[in-house]
Amino acid sequence: MNITWSSRFRVVRLIQVLIAMAVGIHVPAFGQAAMMDLLPNGPASERINIVILSEGYTAAELAQFRTDATNTLAALFSNSPLSGYQEHFNAFAISVASAESGSDHPSRGIYRNTYFGSSYDNAGIARYLTVPQRQPVYDILYQFIPQYDIVVILVNDTEYGGSGGRFMTISKHSLTLEIARHELGHAFASLGDEYTTGESSGYELPNATQILNRSLTPWKSWIADATAVPTPVSPTNDTSVGLFEGAHYNAAGWYRPKSNCKMRTLGVDYCEVCKEALVKAIYAQSSPLRSQEPAAFLANLVAASSQTFRVKTTTPPSRPMEIRWILNGSPMSETGSNLVLSAAQLNPGTNYLQVNVADRTSLVRSDPTALLQASSTWQVVLEASSQIRLERPTRLQDGRLVFNVVGKAANGMRIETSSNMTTWTPVATYGPMDGTFSITNSPANGSITIMRAVSLP
Ligand SMILES: [Zn+2]
């Protein structure tokens, strides 16, 4: 019998797979992995990180994988609500070569030697494409991006197929992108299936409930008074949110929010309730407030001067971010991202300036834990008796601080530090001054965060 190298390899590979299955591990086949940024939007610790992994791409096909991954990402963001919230996400493509192209189709006797060992025909269902052994996936994720949130294993096979769970597995068939969007609802926003076949967990879900009571249902803010409950499936109710019987793998006793939804039928939009859950899931991991200036809790000592406070926020899709400034508990009229606060607006001593930002999107009607909001507070001290002020310090590379004291101190002045705004420790005393006096503190002390200048009596 004439055995080709290719078929010999397959025999060896089959033995490898059988041994691996026997001991419960998958043996990755070949490949040095590399990661590429597809959508850089900030530190991984502060964003939602999507990772797309190559499976069944040979080394020669990895350039194609990067194109496929880019297209997959674009497809994930092509629908509301994710389309409007892209800046909350990072995305990465991890390419790792497989020895052979494609995926296993055991029902047709087709086996491919691939890095993650993906296979169709799981549980006797041809389109059920998955990666049976997860450890190689975890190994790659921990190596490159341990802060992963959403994982898509992109299988280089054009036959329709996919599956969800902790990791999404999808093929290159164009319709599988809808599987990815549907599975994202499960993996990212804990949404349930709104169809009726399958095995129910029995748990209440953001979009499936057993409670047939409009005032108790989790999505009560979406049900109009005129909508009947339970809500019959009829053309007049097609666009209504209500309590439609049949959801979460049960034809009876469980209710879904809308006649149809992406969590029930591929190709349909997410319903209002599922969109709301997705937006809240985004904000649960990524704040609408990006940064504030000054960054420190104690802004400065303000005397006869002014200080600018700034916030940087994300940009919600439907309405501008609401920004409210509150000084000592009283709302101010300013609504912009910058606020110039003058000494005349402050009380002598300690003042508190707060800024609240909120996404008032119409996609969310119920936000009891204020996920769509964020705030920041500064303590602003006005030294009423002092005619001097300390300008914001800059830190030298060696850790020392350089700052100016500005104003008039006829009897001299003292620099003090504190870690708690209660106890102040003198660090240096200077003679009379009038104008600007520059100080570089020495020795270096990297731990000092709060300083003030006090004029001597
Ligand atoms: Zn839905």
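Table for the structure above
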read-out	value
Residue that is surrounded by the most Cβ atoms within 10 Å (Cβ to Cβ), among those in the range 324-360 that are touching a Pro at 6+ places or on another chain (Cβ under 8 Å) and of a type outside the set (Lys, Arg)	359
Flag for residue 188 being among the hydrophobic types (A, V, I, L, M, F, W, C) and more than 14 Å from the ligand (Cβ to nearest atom)	no
Test: residue in the range 187-201 that is free of Cβ contacts under 8 Å to residues at least 24 places away in the same chain and either more than 30 Å from residue 158 (Cα to Cα) or assigned to a helix (DSSP H, G or I) (or both)	no
All positions within the range 241-254 that are within 12 Å of the ligand (Cβ to nearest atom) and either among the aliphatic types (A, V, I, L, M) or at pLDDT below 95 (or both)	241, 247, 248
Odd one out for residue 89 among (1) out of contact with any Gly (no Cβ under 8 Å at 6 or more places or on another chain); (2) within 16 Å of the ligand (Cβ to nearest atom)	(2)
Residue 140 being closer than 21 Å to residue 61 by Cβ, in the same structural domain as residue 47 (by TED's automatic domain parsing) and outside any loop (DSSP other than H, G, I, E, B)	yes
Qualifying residues in the range 215-228 (those that are open to solvent by 80 Å² or more (accessible area, probe 1.4 Å) and not acidic (Asp, Glu)) - the one nearest to the ligand (Cβ to nearest atom)	220
For residue 231: the one exception among (1) surrounded by 14 or more Cβ atoms within 10 Å (Cβ to Cβ); (2) within 13 Å of the ligand (Cβ to nearest atom)	(2)
The lone exception for residue 91 - which of (1) of a type outside the set (Val, Ile, Thr); (2) surrounded by fewer than 21 Cβ atoms within 10 Å (Cβ to Cβ); (3) in a strand (DSSP E or B) it fails	(2)
Within the range 261-271, considering residues that are in contact (Cβ under 8 Å) with a residue 60 or more places away in the chain and within 12 Å of the ligand (Cβ to nearest atom), the one surrounded by the most Cβ atoms within 10 Å (Cβ to Cβ)	263
Matching strands (runs of 3 or more DSSP E) fully within the range 246-348 where at least 1 residues are closer than 30 Å to residue 223 by Cβ	250-258, 322-327
Residue match in the range 121-135 (condition: surrounded by 23 or more Cβ atoms within 10 Å (Cβ to Cβ), in contact (Cβ under 8 Å) with a residue 24 or more places away in the chain and of a type in the set (A, V, I, L, M))	yes
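The values are calculated or read from the model by the stated rules, or taken from the named source; none is laboratory data. Quick caveat, the model's predicted, so the values are computed rather than measured. Neighbour counts are summed over all protein chains in view; Cβ atoms, including those assigned to glycine, are modelled from backbone coordinates with ideal geometry. Heavy atoms of the whole protein, side chains included, go into the accessibility calculation; ligands, DNA and RNA do not. Shrake-Rupley method; radii C 1.70, N 1.55, O 1.52, S 1.80 Å.
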